[in-house]
Structure formats: structure tokens, C-alpha cells
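To start, the structure under review is shown below, and the notes come after it.
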Amino acid sequence: MLSILIPVYNYNVISLVKELHNQVSYCSIDFEILVLDDHSDAFVKENEVINELSGCSYEILPKNIGRSAIRNLLASKASFDSLLFIDAGTFPANGGFIKNYLDTIQNEVVTGGMSALPKAPKKPYKLRWIYTKKREMVTDKQDLKRPIVCSSNFLIKKELFNHVQFDESLTKYGCEDVLFFDAISKKGIAIKYIDNPVIHDANDDAETFIIKTEHAVENLVELIATNRLTYDRYKVSKLYAMMHKIRIDQFVKFIFILFRGILKKNLKSSYPSILCYDFYRLGYFCLIKNKK
């Protein structure tokens, strides 16, 4: 009935798998939990314990294939018609997490959203926590009508997934989930949002998250250049387009280069500013677009 699919890279997912296993076993349904490791060099021995749990498997890939390809491969290995994707580095926010999804399993696509740890971690992990809290969480009941495009926590029918899939040309972090959910929307299929979040553990330090942010911006620039996304799909690219029209994007690029070090210092501090983060993304976008 339900295939729970977990891509993992350099992360201990035993606690996550055991929690999901307990919840889905309580629901008394046919299930499997497939954990696919993208050629990690850490926590491999620890995660092999997963193979001892009923209905669970842990497999290590012979080479790293990237965020999109591993999700497609997981889906191809799934035995059941309903696929529940959950990322390593997250954890169900409530004990009824699986049941909540089963209650909506008749829908083509359901997304449960993201939540932040209740207490902020110390630097250098605070930036990722703030981003989740300010940019990924649903904080207003009115927003429940708007699905959060996040591949870390969603349910989808296997037949639909096989027709959409993740774009494997994107091997770096960023934008693969937006492309995926946009493709679903273009088919006229509604994405249902339910209040059923996973908690992100903010395990990326500031330097790692900044690098991921830069990769995401690079992906966005490439996707716009190849007409797979439009400028108005993201706020940062929409703002860039407006600035380019009035010819101030070069000035923003100059300011970014001048203050990049100061911005990074803030983002790595105990009090990172989400506005500094937003400007960093915008400045980096202008830098990439005006390389020549």
C-alpha cells in the first residue's frame, strides 16, 4: 500500500527510520521503507542496522548520482502505488504523521510542509534554522491553501511520478523540487497541502548552507537561460529582472562584491540576518548574470 522512500547522504537515519517503522506498523498496512544511500563516506555502518527491521532496506550506491536521480531511482524500486518521500535530516513533528497521510492517500499529490526545531541552535547552525523558520514554515492558516514546494516531505501516486520525475540534469542542490512540482501543476493536478510537517534538524553549518545557496542560484540562472523557468518564478530572479530593466544590476553586483565578506561574517554569526541572506542571494544572482 505505501512505499516510504528516504534518500540519504552522510547522515544517520536510524532514529527517523525507527519512528516511521513504528508509526506505519501501528497502522497495520502493507508497507516498505527503502533507504538509498548516495555513496556516503560517513554513517554507513550505523545505517546498516536498518536492514534488520521488517519491511526495511538500506542500500548503498556504487557512485554518487545526485539529488534528482536518487529520488527517481527510489521510485523505480518502490513496490506500492503510493510513494511517501522523506528526507534524511528531518523527523516527523507528530506521532500521527503516517496516519495523517493515509487519511489523504486518495489524492494524487499531498505535501505536509516543513517545521523548525523549537529552540534555535548555536552558531554556525543558526542560519539554516532561521531560513526554515522564516522561509519554509507555514505560519498563517491562510497559507494552508498554498502548498510548500518542498521535496523533503510529500506523498505522490507512483503512476503520476513516473510521468513527471525529477530533472536529472540538475546534479547540484537547488530548484529541482520547483521544477518537479511545476510539472505536476502544468498537468492540471492540484497539490494538496495538509498540516503534517517534518522538523528540519538544521544540521548544515552556515558555510555549507551558503555554498548550497550559491548552487541553487547557479541552477536558477541556468534554468532561466534554457527556458525551463521564467524570471517571475522566484522572488530573487524577478527582482533581478526589474533591476536589469532599469540598469542597476551592475551596481548591486559591485555592492555585493564589496560587502560579500561582511555578509558572510553576519551569516556565520550568532545573530544571522535573514535580510542579509536575501541580499546575498540577490547579489550572487547579479554576479553570475554579469560574469562577462
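FYI, it's all coordinate maths here, none of it is from the lab. All values derive from a computational prediction rather than experimental measurement. Cβ atoms come from the backbone with ideal geometry, glycine included; neighbour counts cover every protein chain shown.
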Quiz prompt | Estimated inter-spin distance, Leu160 and Lys77, nm [label 7 Å along Cα→Cβ] | solution = 2.4
Practice problem: Could you work out which residue, out of Lys134, Lys63, Lys212, moves most in a Gaussian network model of the chain, that is, has the largest mean-square fluctuation with Cα springs under 10 Å? | Solution: Lys63
Quiz prompt | Antiparallel bridge percentage (DSSP; both residues within the chain; nearest 5) | solution = 35
Quiz prompt | Residues of region 269-284 with amide N under 14 Å of the 7 Å Cα→Cβ point at Ile248 | solution = 283
Self-check item: Distance from region 233-292 to region 98-115 (C-alpha centre basis), Å
Solution: 36
Exercise. Please list, or write none, the lysines whose alpha carbon is within less than 17 Å of the alpha carbon of Lys126, excluding same-chain residues fewer than 8 places away.
Key: Lys134, Lys212, Lys264, Lys265, Lys268
Quiz prompt | Percent RCO, i.e. relative contact order, over the chain, from Cα pairs under 8 Å lying at least 6 residues apart | solution = 19
Practice problem: Mind checking which aspartates and glutamates have their Cα closer than 18 Å to the Cα of Lys187? Skip sequence neighbours fewer than 8 apart in that chain. | Solution: Glu108, Glu159, Asp167, Glu176, Asp177
Self-check item: Helix 249-267 vs. the chain, principal-axis angle (Cα, 0 to 90°, nearest 10)
Solution: 60
Quiz item: Based on the alpha-carbon gyration tensor of region 2-203 and its eigenvalue square roots a ≥ b ≥ c, which shape applies: rounded if a/c is under 1.5, prolate if not and a/b is larger than b/c, or oblate?
Solution: rounded
Quiz item: Which residues in region 62-83 have a backbone N closer than 16 Å to a point placed 7 Å from the Cα of Ser169 along the Cα-to-Cβ line?
Solution: 68-69
Self-check item: Packing-based order for 222-229, 82-89, 254-261, using average beta carbon neighbours within 10 Å, highest first
Solution: 82-89, 222-229, 254-261
Quiz prompt | Ala120/Ala225 FRET efficiency (R0 41 Å; Cβ-Cβ; nearest 0.05) | solution = 0.65
Practice problem: Specify the angular offset, from 0 to 90 degrees and rounded to the nearest 10, of the alpha carbon long axis of helix 67-77 from the longest principal axis of the alpha carbons in the chain. | Solution: 20
Quiz item: With +1 on each Lys and Arg Cβ and -1 on each Asp and Glu Cβ, how big is the dipole of the chain about its Cα centre, in debye rounded to the nearest 20?
Solution: 1740
Exercise. Quick one: among Met137, Met243, Met114, which has the greatest mean-square fluctuation in a GNM of the chain with alpha-carbon springs under 10 angstrom?
Key: Met243
Quiz prompt | Cα shape, region 151-245, gyration tensor, a/c 1.5 rule | solution = oblate
